[in-house]
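Reading through the structure tokens given below for one structure.
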Amino acid sequence: MTTTETVEGYRPPQPDRAGLLARLADVWTEFEARLEEVPILRALAAGDVTVADYQRLLHNLRQQVVDGSLWIARAASNFDMDHFDLRSAAISHALEEHRDHLLLERDYVAVGGSLEALRAGRKNVGSQALSGYMFHEASRPNPVGCLGAMFIIEGLGAQKAGVWARRFQEVLGLADNQVHFMAYHQDADAEHTGTLDAILTSDRIDDAAADAIVTCARVVARLYVMQLTELDEI
Amino acid sequence: MWLNNPMSATAYLTGLGRYLPGEPVSNDDVARRLGGVDRRTDGLRARVQRANGIRQRYYALDDEGRTTELNEELAVHAIEDALTDRGITASDLGMLACATTQGDLLVPGFASMVHGRLGGGPMQVLTASGVCASSIAALDAAVSKVRLGEHPRAAVVGSELSSRWLHQRRFEGVEDHLDAHFLRWMLSDGAGAAIVEFQPRPDRPSLRVDWIRQVSLAHEHEVCMRAGLDGPTAVAGRTWQDYDDVATAEKAGLLQIRQETAVLDELAAAGLAQFEELVDRGLVDLKKLDHVLCHYSTNAFRDLVFDALSARIPGMDTSRWFSNLETCGNTGAASIFIALEEAWRTGRFAPGETILLAVPESGRFSFGFAHLTVVEPRRSTT
């Protein structure tokens, strides 16, 4: 008998037993690289955007942002008593996200967009996939994997949104009043990220939970990029 | 007052409009509209007209002395002209700032009436009352709110219907005041409007608002241009609202617009000192100032101001100076917008050029200035 190691051919991926934070750091690095290829973010970095581009981005984000507190609340309702602390964290987080879209809507109107049109909008295909996946994950019993989604989405808010806000302000000469949504997330999500890190490094995250978190983070990273890439593709 | 930082939120004038009621009225026909054809009045009129240099003007007043349009209608026509120039509608506006010396009504505010007539959606309204420089106060308010990101678009209008105050019926049987004739044969009706936006317009150049400054020197001057006041100082019991009835106040001349002409030289000197301060503070770069649009009541001040500016501005000549006082008349708070509109429409401005708007107000010595730069549309290269 020969062992599979000596035979040329496909080798399925092996479990990664590095620490969870190190694994998530790799996920983040890869996510950042993917974001750099997103057309609207490339244009933003190059200073080649118009107010219509900013409106387009807000319009597309809004359709999925309104679902944020919904899937977090659903996840909260699926944590049993053994996961009471995660339920608490999710409930508070859902409450914080609950009014998030109102900031975005204010910005959209402040740059000349129509609130009616914004609210009548539909999710683009990336948002559809992202939202559908999040509701699916959140519907499972004890959906610990959702922490991976939060890692990506909160990280985006804490590390990227503020930079985008400032860049849109620089390029288009926008007032603070027109970039609330992105600017707010820089502070709010930095706080959320701190809370999340404490949970991710706690004893309760076993190997299976870590795998679920990393996988969810990787899927969400890809779907988020898809949401940003497929603007107006409904 | 603020100095624009190119990295910060900015406001742009993206559309301009004006409305001058009826047909132009030549100097000889002015008395036919306003009345007052006795020999003494004729002599006063000829003298005032010679001095102010106005060749024609407009009145919302027919030959019988009846008002043909409301002040708020003039304002709405000018705003609609500016909206058309920009290619948007009143429903796109988030704010309406109106400047006038005297609205049609005592209550409510002029801007509420203009909004009611204009239509559009819910919007912020502001009435800047005063005289000529209220135009700059209204512009400042709209520009500030747009820069704060509170409204993507606003309209500003300066509008005047002074002919009602100048007609013979305001003079007959009224105590004679020589100082009421100066403005009687100078002021006329009209409206000018501008659209203010947080982005330059995409299809044509816009006027970036670099800064606005409005300053009052009332702390060291008595009233100069006034109505409703008996004598040079406001005293309780002696304003037009304190008389036993309004008719008595009118008989005493309190419903005439009067001008203390003796202090007008002082006003010009104070205005030039304000201009020097702008230069001193670096708000105006004399080497880069391409156009000066100054509101003045008479050509006598034009020469005075022009000579003073020529001494300070290298290469200052008449091509950089624009006024349409002679053809549009002195329309008070509307004048600066009516001048800007014509200069803009007739292609005087090229991208990169700078414009100084200057509006001295004799009322009680106040001054409004605005600095603009012509900018190209923001284009995406994708």
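Using only DSSP helix segments of four residues or longer, with each worth -39500 (n - 2.57), what per-residue ellipticity at 222 nm results for chain B after dividing by its residue count and rounding to 500?
Helices in chain B give a 222 nm mean residue ellipticity of -9500 deg cm²/dmol.
So which GluC sites (Glu not before Pro) in the range B:103-177 are both in a DSSP loop and have at most 12 other Cβ atoms within 10 Å of their Cβ?
Taking the range B:103-177 and a limit of 12 other Cβ atoms within 10 Å, the loop GluC sites (Glu not before Pro) found are B:Glu172, B:Glu175.
Among bridges DSSP assigns within the range B:12-197, what percent are antiparallel (round to 5)?
So the antiparallel bridges in the range B:12-197 amount to around 60 percent.
Which of B:Cys98, B:Cys132, B:Cys224 comes first, and how do the rest follow, when ranked by fewest Cβ neighbours within 10 Å? Don't skip to the end; give the middle numbers.
Numbers: B:Cys98 33, B:Cys132 29, B:Cys224 23.
In increasing order of surrounding Cβ atoms, one gets B:Cys224, B:Cys132, B:Cys98.
Quick one: Cα convex hull volume of the range A:54-229, Å³ per residue?
Numbers: hull volume 17.5 nm³, N = 176.
Once divided by residue count, the hull of the range A:54-229 is 99 Å³.
Determine, for A:Leu102, B:Leu255, B:Leu74, the number of other Cβ atoms within 10 Å of each Cβ, and report the residues in order from fewest to most.
Exposure proxy ranking, most exposed first: A:Leu102, B:Leu255, B:Leu74.
From the backbone phi of the range B:263-278, what are the Karplus-calculated ³J(HN,Hα) couplings (6.51 cos²θ - 1.76 cosθ + 1.60, θ = phi - 60°) in whole Hz, Gly and Pro given as x?
Taking θ as phi minus 60°, the curve returns 9, 5, 5, 5, 4, 4, 5, 5, x, 5, 5, 5, 4, 4, 5, 4 Hz for the range B:263-278.
Report the relative contact order of the range A:54-229, percent, no decimals, based on alpha-carbon pairs under 8 angstrom and at least 6 residues apart.
Contact order relative to length: 30 percent.
Order these peptides, B:45-53, A:152-160, B:81-89, by their mean beta-carbon neighbour count within 10 angstrom, highest first.
Details: B:45-53: 16.9, A:152-160: 20.9, B:81-89: 19.2.
Order by mean packing, descending: A:152-160, B:81-89, B:45-53.
For the range A:157-234, rounded, prolate or oblate, judged on the Cα gyration tensor with a ≥ b ≥ c (square roots of eigenvalues), a/c < 1.5 rounded, else prolate if a/b > b/c? It would help to have the intermediate numbers written out before the result.
Values: a/c = 4.18, a/b = 1.64, b/c = 2.55.
Oblate is the answer for the range A:157-234, as a/c is 1.5 or above yet b/c matches or exceeds a/b.
Residues of A:107-114, mean number of Cβ from any other protein chain within 10 Å of their own Cβ, rounded to a whole number?
Averaged over the peptide's residues, the number is 3.
Looking at the range A:1-83, which chymotrypsin sites (Phe, Trp or Tyr not before Pro) are DSSP coil and have at most 10 other C-beta atoms within 10 Å of their C-beta?
Here the sparse-neighbourhood loop sites are A:Tyr10.
Quick check for me: using +1 on Lys/Arg Cβ and -1 on Asp/Glu Cβ, what's the dipole size of the range B:272-382 about its Cα centre, in debye to the nearest 20?
With only Lys, Arg, Asp and Glu charged at Cβ, the dipole is about 300 debye.
A:Lys160: which lysines have alpha carbons under 25 Å from its alpha carbon, excluding same-chain residues fewer than 8 sequence positions away?
A:Lys123
Just to be sure I understand: with springs between alpha-carbon atoms less than 10 Å apart, which residue in A:Met150, A:Met81, A:Met134 has the highest mean-square fluctuation in the Gaussian network model of chain A?
Judging by the Gaussian network model, the answer is A:Met81.
Provide a whole-number value for the mean count of partner chain Cβ atoms within 10 Å of the Cβ atoms in peptide A:167-177.
5
Could you work out the helix-only [θ] at 222 nm for chain A, with each DSSP H run of four or more residues adding -39,500 (n - 2.57) and the total divided by the number of residues, to the nearest 500 deg cm²/dmol? Spell out each step's value before the answer.
Working: 11 runs with 161 residues, N = 234.
About -22500 deg cm²/dmol.
List the relative contact order of chain B as a percent without decimals, with contacts defined as Cα pairs under 8 Å and 6+ residues apart. Each step should come with its number before you reach the end.
Details: 861 pairs, mean separation 94.9, N = 382.
Here the relative contact order equals 25 percent.
Quick query: amide H of B:Ser362 versus all other amide H atoms, modeled in the peptide plane; which residues come in under 5 Å with a sequence gap of 5 or more or a different chain?
Correct list: B:Cys132.
Mind listing which GluC sites (Glu not before Pro) in the range B:1-89 are in a DSSP loop and have 15 or fewer other Cβ atoms within 10 Å?
For GluC sites (Glu not before Pro) across the range B:1-89 that sit outside H, G, I, E and B with at most 15 neighbouring Cβ atoms in 10 Å, the list reads B:Glu64.
Does chain B come out rounded, prolate or oblate by the C-alpha gyration tensor, with a ≥ b ≥ c the root eigenvalues, rounded set by a/c under 1.5 and, if not, prolate when a/b is larger than b/c and oblate if not?
On the way: a/c = 1.71, a/b = 1.42, b/c = 1.20.
Taking the square roots of the gyration eigenvalues as a ≥ b ≥ c, chain B is prolate.
Peptide B:146-153: average number of partner chain Cβ atoms within 10 Å per residue?
That average works out to 5.
Pick out which of A:Asn124, A:Asn177, A:Asn60 has the largest mean-square fluctuation in a Gaussian network model of chain A, springs linking Cα atoms closer than 10 Å.
A:Asn177
For the range B:316-332, in order, what is each residue's ³J(HN,Hα) by Karplus, 6.51 cos²θ - 1.76 cosθ + 1.60 with θ = phi - 60°, in whole Hz (x at glycine and Pro)?
Coupling constants for the range B:316-332: 5, 9, 5, 5, 9, 10, 9, 8, 10, 3, 5, 9, 10, x, 9, 10, x Hz.
When the gyration tensor of the protein assembly as shown is built from Cα positions, what are the square roots of 5 times its three eigenvalues, in whole Å, from largest to smallest? Intermediate values should be presented prior to the final figure.
Details: eigenvalues 866, 117, 77 Å².
They are 66, 24, 20 Å, listed largest first.
Among the DSSP beta bridges whose two residues both lie in the protein assembly as shown, what percent are antiparallel, rounded to the nearest 5?
DSSP beta bridges in the protein assembly as shown are roughly 70 percent antiparallel.
Spelling out what I want: for every residue of the range B:139-152, take phi, set θ = phi - 60°, compute 6.51 cos²θ - 1.76 cosθ + 1.60 (Karplus), and round to whole Hz; glycine and proline get x.
Going residue by residue, I get 4, 4, 5, 5, 5, 5, 5, 5, 5, 6, x, 7, 9, x Hz, with x marking Gly and Pro.
Laboratory data are not the source of any read-out in this text; all were calculated from the coordinates shown. Small disclaimer: the values here were computed from a predicted structure and weren't measured. In this analysis, Cβ positions are derived from the backbone assuming ideal geometry, glycine residues included, and neighbour counts consider all displayed protein chains.
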